[in-house]
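Taking it in order: structure first as structure tokens, then the write-up.
The values are calculated or read from the model by the stated rules, or taken from the named source; none is laboratory data. Quantities reported herein were computed from a predicted structural model and do not represent experimental measurements. Cβ placement follows ideal geometry from the backbone for every residue including glycine, while neighbour counts extend to all protein chains displayed.
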Amino acid sequence: MVLTSLRRLIPLFVTIVCLGCTQVNPATTDSLYSYKQPSSDGIGKVYMGREISQVMGHRGASWLERPGRKADEQPDVAVDALELKPTDTVADIGAGTGYMSFRMAQKVPDGQVLAVDLQPEMIQMLEAVRDEQGITNVQTIQAEEDNPHLPSEQVDLALMVDAYHEFAFPREVMTGVVDGLKPGGRLVLAEYRAENPMVMIKRLHKMSEKQVKKEMAAVGLTWLKTDDRLPQQHLLFFEKAA
Ligand SMILES: C[S@@+](CC[C@H](N)C(=O)[O-])C[C@H]1O[C@@H](n2cnc3c(N)ncnc32)[C@H](O)[C@@H]1O
């Protein structure tokens, strides 16, 4: 009896504790998720054996644009690995300030980049840079935490750099991403390597190759390859059935 009452209270407890980091909507929470005492960098919500991390708040946006990032992460090497075509429609899910969106925009002069983010402040920062630089092929999309609001079957490639692990509703977001991909479209995740203790990133902000593959298989995506040319991150490629 006491245990049953406690179990019922856990989602409420998690919701209250996490109000400062990300909003968990209990109305759409179902048996996909379970709850625990939050870790220092987590929200206490568990999906397929993985605790979801806290969202990196917009006040930390300067971290995304830090001068050393180019040398540390080699973002241009990551974009080359995507092998984009000039006409591609590309989605950057969890785009933040647009660090990857603007790099991809240069590769798709006859296509477009859909820069999707949950935080309006990130969208505003991205739009300010876009407009100042006169970039015309980057369009922003305001996401909800359980919906990326992509147009259906329009996207050739969706990229998520250092973002997926913090989605509070990973199954729902991925269902939306898969719907947004064209048949045969590709999804690429860049996640810091959890297998490597020398990658000095908080535990829940790293993901193993095995875990990513498991979670993408759950939404029907087929693994194509893992490209480990980046110094700290896996680049995992998946495909939607043609
Ligand atoms: C660590 S930042 C990475 C930003 C960018 N990809 C980069 O590499 O510079 C993660 C971003 O994911 C966004 N995010 C978190 N949950 C999201 C969701 N459910 N849908 C869309 N964006 C989300 C956050 O607002 C944040 O801007």
Legend entry - Output for region 147-203, where each listed residue is within 11 Å of the ligand (Cβ to nearest atom), closer than 19 Å to residue 217 by Cβ and without any contact (Cβ under 8 Å) to a residue 40 or more places away in the chain: 176
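Tell me, which helices (runs of 4 or more DSSP H) wholly within region 25-138 include 1 or more residues that are over 26 Å from residue 218 (Cα atoms), within 13 Å of the ligand (Cβ to nearest atom) and out of contact with any helix residue (DSSP H, G or I) (no Cβ under 8 Å at 6 or more places or on another chain)? Break it down stepwise before answering.
Numbers: elements: 61-64, 69-73, 75-82, 101-107, 120-133.
Passing ranges, in order: 61-64, 69-73, 120-133.
Name the single residue, out of those in region 219-230 being out of contact with any helix residue (DSSP H, G or I) (no Cβ under 7 Å at 6 or more places or on another chain) and either surrounded by 18 or more Cβ atoms within 10 Å (Cβ to Cβ) or not hydroxyl-bearing (Ser, Thr, Tyr) (or both), that is nearest to residue 186 (Cα to Cα). So that I can check it myself, show each step before the final result.
Within region 219-230, the first condition is being out of contact with any helix residue (DSSP H, G or I) (no Cβ under 7 Å at 6 or more places or on another chain), and the residues that meet it are 222, 224-225, 228.
After this cut, where a residue has to be either surrounded by 18 or more Cβ atoms within 10 Å (Cβ to Cβ) or not hydroxyl-bearing (Ser, Thr, Tyr) (or both) as well, the list is 224-225, 228.
Details: 224: 9, 225: 11, 228: 17 Å.
Looking at residues that are out of contact with any helix residue (DSSP H, G or I) (no Cβ under 7 Å at 6 or more places or on another chain) and either surrounded by 18 or more Cβ atoms within 10 Å (Cβ to Cβ) or not hydroxyl-bearing (Ser, Thr, Tyr) (or both), I get 224.
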Legend entry - residue 40 among the polar types (S, T, N, Q), at pLDDT 90 or above and surrounded by fewer than 19 Cβ atoms within 10 Å (Cβ to Cβ): yes
